[in-house]
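These notes concern the structure reproduced below.
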Amino acid sequence: MAAQGVRASEYQVKAVFLFNFAQFVDWPAEAFPAGDTPLVICVLGNDPFGEALDQTVRDERLGSRPFQVQRYQSVDEIKICHILFINRSEGARPEVILAGLKQRPILTVSDADGFAQRGGMIRFVTDRNRIRLQLNLTATEAAHLTISSKLLRVAEIVRRTGS
Amino acid sequence: MAKAATFLLLGLGLVSVTNPAFAQQPDSAAQALKHLSIEQLMNLEVMSVSRRPERLAQTASAIQVITQEDIRASGASSLPEALRLASNLQVAQLDSRQWAISARGFNSTTANKLLVLIDGRTVYTPLFSGVFWDVQEVSLADIDRIEVISGPGATLWGANAVNGVINVITKDAKDTPGVALSGGGGTELRGFGTARYGGQVGSAARYRIYATRFARDPSVLPSGLDAVDDWHLGQGGFRADWDASTISHVTLQGDLYDGRIGQPSAGDIAVSGRNVMAKWSRTISETSGLTAQLYYDRTNRDIPGTFGEDLDTYDVDLQHQTRLGARHDLVWGLGYRVINDRITNTPALAFLPAHVARQWFTGFVQDEIALVPDRLHLALGTKIEHNDYTGFEIQPSGRVNWTLSPAATLWAAVSRAVRAPSRVDRELYAPGQPPYFLAGGPGFHSEEELAYELGYRHQRGSFALSVATFYSRYHGLRSLEQVNPPAATPIVIGNGQDGESYGAELTAGYWLTSRWRVRAGYTELRVHIWPNPGSTDTSRGATESQAPDRQLFLHSSIDLPAHLGFDAGLRVIGEIARPGVPAYAELNARLTWQPTAKVDLSIVGQNLLNPRHIEFGAPGATRREIERGVYGLVEWHF
């Protein structure tokens, strides 16, 4: 009932989800070489966000860390990255991308069909104009990411591993 | 303070995130959204300018969606082949190029109760209210998805959505950047090649251009002789998408094709055509949007010895949706179409008059009512159409969608649909000069359907299940009436038959592991057609509906180590008792190797179980048989 009448642009909301994930995930220490290493949200492939992602994280900090947005065309170019959004077109066959990440501690997110079942970590599912989350816990564990129970409660947990 | 107030108002749903003020300052929308909890974000309704928000009419209907991944995995090399992936369709291949495709029965080569749209453009010939499948050559790699709805969709969709709608949606140009080349060849699909380039103009406009060409082997006759229906087609086209602003989107697209198909005598069939389309959508407010589209389509077909047709179609559509109060979502639209159809008559058959211009006016309105918000929704609507043959036709429907739990949905619908006359029904004469053996019926009126549907959908994690059941009653189905009974000829086309159909469509999908997905589809269908008192039609529907009682599909897609993928699809199709097509089972399979991220190498086997099999048509020396086929494919993206 609360949300009746409220409609926002799809990628504006997804950008805010990405920003929120930073607060619900614990990365292993090696993911942040320095105390002020920024928290980097990366977009692989075509960027569907436009300005929305930059605007969402502008002037935001997670503790002492500022946020940064990076865009990459190929998985091999990715340097420091904590949350990786993979565009729908690339995410439909995620195996090559995920293999390229070699289980680095990067939270992988996409809206592609079957992403969480195929070894990705979080998939945005649009269902009756609302965004649901699917979470592959085996994949997050393999990358040594700890997911807060707050996120676990609202996400749909998908079975099986993505090795 | 202001932030706290915004948060509170958002939480209560009293202020919208994309109201005009926010739309101009997306930055403040981002700021406002950040104050929502994850749960609140998940409860927020989203909309995208480029994608039509999902309507209840779709969720409360027997919809099956064929994804790009499904098409790839299947090894399909044409749109009709891809449509075999929807188990709620009856798909049968007649020869190298002709297909009979329908939903809920009433299948024939001139099936006339299905609406087929490619990006909103109706690919339909007013000649028989059906589709010439041999010229619907969509570049399969550029398809985003195909929505297949069985059952009447007449209220929301265009004319002719009596028993189903096939909605082919191609990718936005922003999803097809760079160069993609593919090509290959084999035994049935002799050779093919496609080149596509996607580019960008400024930051807001993207485009792609493509060209494709193929050659297909002839089918065979029962004697083993070649049916001389080899088929060649070349096509090119473009699509451009422009985000004119954060709230408006413009799409321009077009295609051009030219092809030749062999015939045993009288020379090759020549087909050609072109179309161009403009679409504009605009978000007016958080609860309201406007879409307009305009297209022109031309097709030319010359079948030496049978007939020739030049058809021009002009179409314009407007659609507006808006929310009224807290519980009503209203969508309404207007459409106008005019066709100019010129037939070249032959001694074999004639359409009289040979040249016609016809127009259609349509209007529709539908209200989606949240009886219990997020739980129980009702959609009531009607379409009003005016055509030159029968005047006004009214096609109302009522649909209800009940969300039992986040995983489970129950839906039900009652709809009325009509199949308006086409040129075949009223204007066809055979032979081309009197005395006629067969004549169109000057009094032929619309066929009517009343359909009742009940469905259930379940989706949880890796498992999805859908069941749709239906019962339909038909009045005034097309019949062939003896003019001077008991003399068998001449005959005239009438509305002398009634009928009913019932059945169930089941689909299930499951990810066995992260790398192995299986899907199944099963359809059970009965169609009964009988002559009304006074009718002299004795076919009992055999000419109007040729569909198997049941069909079963099993698909498996597995990702193997070493960048290999293996996909297989089995179909088991029941017999078509009349006119006598035996039951058959066939298997398609595809093995793909991705040596690098940029290259895919595949080998595809089609109809592997039998050297030859029959899918459609009456027994006889000229019934064509479909051969086993194998082809190789190389795809390169950069």
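The values are calculated or read from the model by the stated rules, or taken from the named source; none is laboratory data. Source: prediction; values computed, not measured. Positions of Cβ are backbone-derived with ideal geometry, glycine not excepted, and every protein chain shown enters the neighbour counts.
So that you can scan it fast, the table gives a plain yes or no per residue for (1) out of contact with any helix residue (DSSP H, G or I) (no Cβ under 8 Å at 6 or more places or on another chain); (2) without any contact (Cβ under 8 Å) to a residue 24 or more places away in the chain:
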| position | (1), (2) |
| --- | --- |
| B:ALA357 | yes, yes |
| B:VAL372 | yes, yes |
| B:TYR389 | no, no |
| B:ILE394 | yes, yes |
| B:PRO406 | yes, yes |
| B:TRP411 | no, no |
| B:ARG419 | yes, no |
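Results for (1) modelled with pLDDT of 95 or more; (2) out of contact with any strand residue (DSSP E or B) (no Cβ under 7 Å at 6 or more places or on another chain); (3) in a loop (DSSP other than H, G, I, E, B); (4) away from chain A (no Cβ under 14 Å), shown as yes or no for each residue.
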site	(1), (2), (3), (4)
B:TRP332	no, no, no, yes
B:ARG337	yes, no, no, yes
B:ASN340	yes, no, no, yes
B:THR346	no, no, yes, yes
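For segment A:108-123, the set of residues classified as more than 8 Å from every other protein chain (Cβ to nearest Cβ) and in contact with a helix residue (DSSP H, G or I) (Cβ under 6 Å, 6 or more places away or on another chain) consists of A:SER110, A:ASP111, A:ALA112, A:PHE115, A:MET121, listed by residue number.
Mind counting the residues in segment B:370-402 that are within 14 Å of chain A (Cβ to nearest Cβ), of a type outside the set (Lys, Arg), at negative phi and surrounded by fewer than 18 Cβ atoms within 10 Å (Cβ to Cβ)? Residues flagged as within 14 Å of chain A (Cβ to nearest Cβ), of a type outside the set (Lys, Arg), at negative phi and surrounded by fewer than 18 Cβ atoms within 10 Å (Cβ to Cβ) within segment B:370-402 amount to 5. Within 13 Å of chain B (Cβ to nearest Cβ), over 17 Å from A:VAL40 (Cα atoms) and at pLDDT 90 or above, is that true of A:ALA142? When the stated conditions are applied, A:ALA142 passes them. Pairs meeting the criteria (first residue in segment B:48-69 and more than 9 Å from chain A (Cβ to nearest Cβ) and within 17 Å of B:ALA103 (Cβ to Cβ), second residue at pLDDT 85 or above and assigned to a helix (DSSP H, G or I), beta carbons under 7 Å, at least 6 apart or on different chains) are B:ILE66/B:ALA82.
Inspect all residues belonging to segment B:167-185 and state whether any of them is in a loop (DSSP other than H, G, I, E, B), among the acidic types (Asp, Glu) and more than 27 Å from B:THR306 (Cβ to Cβ).
Yes: one or more hits.
Residue count for segment B:586-624, restricted to those that are touching a His at 6+ places or on another chain (Cβ under 7 Å) and either modelled with pLDDT of 95 or more or assigned to a loop (DSSP other than H, G, I, E, B) (or both): 3. Within segment B:528-545, not a single residue is among the basic types (Lys, Arg) and either crowded, with 18+ Cβ neighbours inside 10 Å or modelled with pLDDT of 95 or more (or both). Would you point out which residue out of B:SER102, B:SER108, B:SER87 is of a type in the set (Ser, Thr, Tyr) and modelled with pLDDT under 95? Just a single option satisfies the conditions, and that option is B:SER108. Only one of the numbered conditions (1) out of contact with any strand residue (DSSP E or B) (no Cβ under 6 Å at 6 or more places or on another chain); (2) more than 25 Å from B:ASN88 (Cα to Cα) is violated by B:ARG478, and that is (2). Cβ-Cβ contacts under 6 Å between residues 6 or more apart (or on different chains), taken from a first residue in segment B:20-46 that is within 18 Å of B:ILE284 (Cα to Cα) and at pLDDT 75 or above to a second residue that is surrounded by 15 or more Cβ atoms within 10 Å (Cβ to Cβ) and not acidic (Asp, Glu), are absent. Is it the case that segment B:83-96 has a residue that's closer than 26 Å to B:LEU252 by Cα and in contact (Cβ under 8 Å) with a residue 60 or more places away in the chain? Yes, some residue in segment B:83-96 is closer than 26 Å to B:LEU252 by Cα and in contact (Cβ under 8 Å) with a residue 60 or more places away in the chain.
B:ARG274: touching a helix residue (DSSP H, G or I) at 6+ places or on another chain (Cβ under 6 Å), within 20 Å of B:ARG121 (Cβ to Cβ) and part of a strand (DSSP E or B), yes or no? No: the conditions fail for B:ARG274.
Filtered by the rule that a residue be farther than 30 Å from B:ARG628 by Cα and within 14 Å of chain A (Cβ to nearest Cβ), segment B:180-206 gives B:GLY198, B:GLY199, B:GLN200, B:GLY202, B:SER203, B:ALA204, B:ALA205, B:ARG206.
Can you tell me how many residues within segment B:455-475 are away from chain A (no Cβ under 14 Å) and either without any contact (Cβ under 8 Å) to a residue 24 or more places away in the chain or in a loop (DSSP other than H, G, I, E, B) (or both)?
Result for segment B:455-475: 0.
Residues of segment B:399-454 that are of a type in the set (Val, Ile, Thr) and part of a strand (DSSP E or B): B:VAL400, B:THR403, B:THR409, B:VAL414, B:VAL418. Considering B:ALA412, B:ALA348, the condition of being in contact with a Ser or Thr (Cβ under 7 Å, 6 or more places away or on another chain), over 19 Å from B:ALA159 (Cα atoms) and among the small types (Gly, Ala, Ser) is satisfied by B:ALA348 alone. Within segment B:61-119, the residues that satisfy the criterion of being polar (S, T, N, Q), in a loop (DSSP other than H, G, I, E, B) and in contact with a Gly (Cβ under 7 Å, 6 or more places away or on another chain) are B:SER61, B:SER87, B:THR110, B:ASN112.
Can you go through B:ALA379, B:ALA412, B:ALA357 and tell me which one is within 26 Å of B:VAL316 (Cα to Cα) and modelled with pLDDT of 95 or more?
B:ALA357
Restricting attention to segment B:263-297 and to residues that are aliphatic (A, V, I, L, M) and surrounded by fewer than 20 Cβ atoms within 10 Å (Cβ to Cβ), the residue that is modelled with the lowest pLDDT turns out to be B:ILE284. Taking helices (runs of 4 or more DSSP H) as the structural unit, those lying wholly within segment A:86-163 and holding at least 1 residues that are in contact with a Phe, Trp or Tyr (Cβ under 6 Å, 6 or more places away or on another chain) and either touching a residue at least 24 places away in the same chain (Cβ under 8 Å) or β-branched (Val, Ile, Thr) (or both) correspond to A:88-91, A:149-154.
When A:LEU84 is tested against the conditions (1) of a type in the set (A, V, I, L, M); (2) out of contact with any Cys (no Cβ under 9 Å at 6 or more places or on another chain); (3) closer than 30 Å to A:ALA34 by Cβ, the lone failure is (2). Output yes when any residue across segment B:301-313 is crowded, with 18+ Cβ neighbours inside 10 Å, in contact with an Asp or Glu (Cβ under 8 Å, 6 or more places away or on another chain) and within 26 Å of B:LEU156 (Cα to Cα), and no when none is. Yes, segment B:301-313 contains at least one residue that is crowded, with 18+ Cβ neighbours inside 10 Å, in contact with an Asp or Glu (Cβ under 8 Å, 6 or more places away or on another chain) and within 26 Å of B:LEU156 (Cα to Cα).
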